Amino acid sequence: MQIDHVTLRTLRIPLVTPFTTSFSTQTARTVLTVEVSARVAGREVTGWGECGALAEPVYSDEYAAGAADVIERFLLPRLAAASADTVLTAETVGELLEPVVGHRMAKAALEAAILDAQLKAAGTSFATYLGVTRDRVPSGVSVGIQDSIRALLDAVAGYLDEGYQRIKLKIQPGWDVEPVRAVREAHPDVALQVDANAAYTLVDAAHLRRLDEFDLLLIEQPLAEDDLRQHAELARAMATPMCLDESVVSAASAADAIQLGAAAVINIKPSRVGGYLEARRIHDVARASGIAVWCGGMLETGLARGANAALAGLPGFTLPGDISASSRFYARDLTTPYVIENGSIAVPTFPGLCEQPEADALAEFSTEVREVSPA
Ligand code: SMG
Ligand code: MG
């Protein structure tokens, strides 16, 4: 593949309702998109990728403007040099970008755009590329921290009415045992899990153990990103299965977490781990180790939501993902909106990772458009 040019866009898309976690309240999603115009076997083709980084480095150390900068200065020049020698394929991106330390969300966005272009040129869907045969995947929803238990119960009831198969509650100190108890009492049989986004320390172990009585599927990332050993210690102290999100950034860190007993379950987010290909490797490592995985979310637009659904069709994804309908976050998506039917999302069959985004949606939400020449 030869890269002709790349357009980096920053979009700001309003959310239908504010999304509060232990680290921030989002009212709009700032999204960096990567549009790669390339030639594959003489054919002109365009590929799209979306960056998982938020506007601020509060979920992880990456942020959207920083990702745009590192793509322009350091990542794209490496791919462009390789593309002149025609060694560039989606499968070589990871190795070509390895000399740049970290910046996995930036790398993931670029790899997704290249993979999208490559699959579109070949007329192959992402599911076919992965060898996925499932045509639908179960849909879960992540429910932010609310102002009151009443508001939480209303929100959960609304999502259950829409058919979501699993509820995830965001928790933080001061918003944990009581809200979880209220939801469990209202819905004794619902598949329920919690996510703390690293809001606790090991000193809170006795308090967190109080969550054990609610029959949760898992507790996600209670401790800090680099606290693998402490997660292992907490896992031994709790009956609720330990799930890691932020801590798992690669297949290597997944292997470490599994070996240490820090993760009984892994949330795989393609953006967090440097792309869909590393995400599949984590799936493979976890599956071989008897560890369940599920697909996490970063409030993806239609540029990545369907690709996440395809990934979640792999056999090791045995728990419902944070792959909700587009309408969970957006009144208007960039592509045909994803919908849930009978609690599940269809695995896309079109070529590539995503549909071409709608030009008027891009125009409506773009706050910055930067043309980057690859050379
Ligand atoms: O995309 O459905 C989604 C959001 C799922 O809760 C979600 N993501 O830590 O798992 C997580 C959070 C990270 C994003 S919070 C702005
Ligand atoms: Mg999480």
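Please treat every number below as a calculation from the coordinates, not as lab data. Worth saying up front: this structure is predicted, and the values here are computed from it rather than measured. Here the Cβ is made from the backbone with ideal geometry for all residues, glycine too, and neighbour counts use every protein chain on show.
Classify the range 280-362 as rounded, prolate or oblate, taking a ≥ b ≥ c as the square roots of the eigenvalues of its Cα gyration tensor: rounded when a/c is under 1.5, otherwise prolate if a/b is larger than b/c and oblate if not.
On the way: a/c = 2.44, a/b = 1.94, b/c = 1.26.
It is prolate, given that a/c is not under 1.5 and a/b is the larger ratio.
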Exercise for the section: Could you work out how far apart the two model spin labels at Glu368 and Glu95 are, taking each label as a point 7 Å from the Cα in the direction of the beta carbon, and quote it in nm? Expected result: 3.4
Problem - the chain: C-alpha pair distances exceeding 26 Å, % - result: 48
Handout entry: Centroid-to-centroid separation of the range 337-352 and the range 1-63 [C-alpha atoms, Å]
Key = 20
Exercise for the section: Using per-residue counts of other Cβ atoms within 10 Å, averaged over each peptide, order 219-227, 361-369, 307-315, 110-118 from highest down. Expected result: 110-118, 307-315, 219-227, 361-369
Exercise for the section: Eight or more residues apart or on different chains, and alpha-carbon atoms under 23 Å: count the Lys pairs in the chain matching that. Expected result: 5
Problem - Estimated distance in nm for a label pair at Arg150 and Arg73, the labels positioned 7 Å out from Cα along Cα-to-Cβ - result: 5.1
Practice task
Restricting to the range 115-257, compute how many DSSP beta bridges are antiparallel as a %, nearest 5.
Solution key: 10
Practice task
May I ask you to list, by number, the DSSP H helices of the chain whose Cα span along the axis is at least 15 Å and whose average Kyte-Doolittle hydropathy reaches -0.5 or more?
Solution key: 104-122, 149-162
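Indicate the gyration tensor shape class of the range 128-346 (rounded, prolate or oblate), computed on the Cα atoms with a ≥ b ≥ c the square roots of the eigenvalues: a/c under 1.5 is rounded; otherwise a/b larger than b/c is prolate and the rest oblate.
Note, shape of the range 128-346 comes out oblate.
Given the -39500 (n - 2.57) contribution per DSSP H run of 4+ residues, what per-residue ellipticity at 222 nm results for the chain, rounded to the nearest 500 deg cm²/dmol? Let's see the in-between values first.
Numbers: 13 runs with 123 residues, N = 375.
Mean residue ellipticity, 222 nm, calculated: -9500 deg cm²/dmol.
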